[in-house]
Amino acid sequence: MAKSPDSTANCPHCDAPLDHLRRGCDACERRVSWDWTEPCPTCETETDATRSRCRDCGAALSPWDAVVARVLRERHHIDLHVAKDALPSPASAGFVLHTGDPRGQRADYRRPLPDGKGIHVKEFADHYAVHWDKVDPTEDFLGHVLADAPHWLLFGGVLGVKLARWPVGLTRGLAAHIKS
């Protein structure tokens, strides 16, 4: 499977690619302030996603809920890059440690959604790459492989053929050794 396309922001000063919520631009070395609003889950008022409470109703807000809302507006498998130092650990927001295709990440986290989709967080040294899957593997592993990771079917088929042939050769060799 090809690497997921990336969804990053651009620096307002020099237009260089920039992870969402990164506090400074490496290209121009200038500070970047963020204005990221999402609807409050309680009162639906547009509110600053980087705050811990809604300014209108006072409901507690999770920055991870804002990331999930943003990711769900993209197509599946489009990675949203978010600065790691701008968010708490995914585990604190209900994500569970899991696995994913090796892409150089340090860890993978997943969280199922009520409609069967799933959010996949890949943790790198300085950022998180977040996308949604059509089927969450913690709820339906086979459905996830079929819908989101069909390349593993090919890999499994090739491996299965190799393993199916291996015991036959081993058995013949062992039988010949015993006969002699």
Within region 131-149, is there a residue that is closer than 20 Å to L21 by Cα, in a strand (DSSP E or B) and either out of contact with any Gly (no Cβ under 6 Å at 6 or more places or on another chain) or assigned by TED's automatic domain parsing to the domain that holds E74 (or both)?
-> yes
Would you pick out the residues in region 13-38 that are without any contact (Cβ under 8 Å) to a residue 24 or more places away in the chain, surrounded by 12 or more Cβ atoms within 10 Å (Cβ to Cβ), not polar (S, T, N, Q) and not in a loop (DSSP other than H, G, I, E, B)?
-> P17, L18, G24
The lone exception for R55 - which of (1) in a loop (DSSP other than H, G, I, E, B); (2) charged (D, E, K, R); (3) modelled with pLDDT under 85 it fails = (3)
Residues satisfying the stated conditions in region 120-135, i.e. within 8 Å of the chain's Cα centre (by Cα) and among the small types (G, A, S) | A129
Any idea which residue in region 87-127 is farthest from R22 (Cα to Cα), counting only those that are aliphatic (A, V, I, L, M) and out of contact with any Pro (no Cβ under 7 Å at 6 or more places or on another chain)?
-> L113
Matching residues, region 85-104, being modelled with pLDDT of 90 or more and polar (S, T, N, Q) | S89, S92
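The values are calculated or read from the model by the stated rules, or taken from the named source; none is laboratory data. For clarity, every value in this text was computed on a predicted model and none was experimentally measured. All Cβ positions, glycine included, derive from the backbone under ideal geometry; neighbour counts span all protein chains shown.
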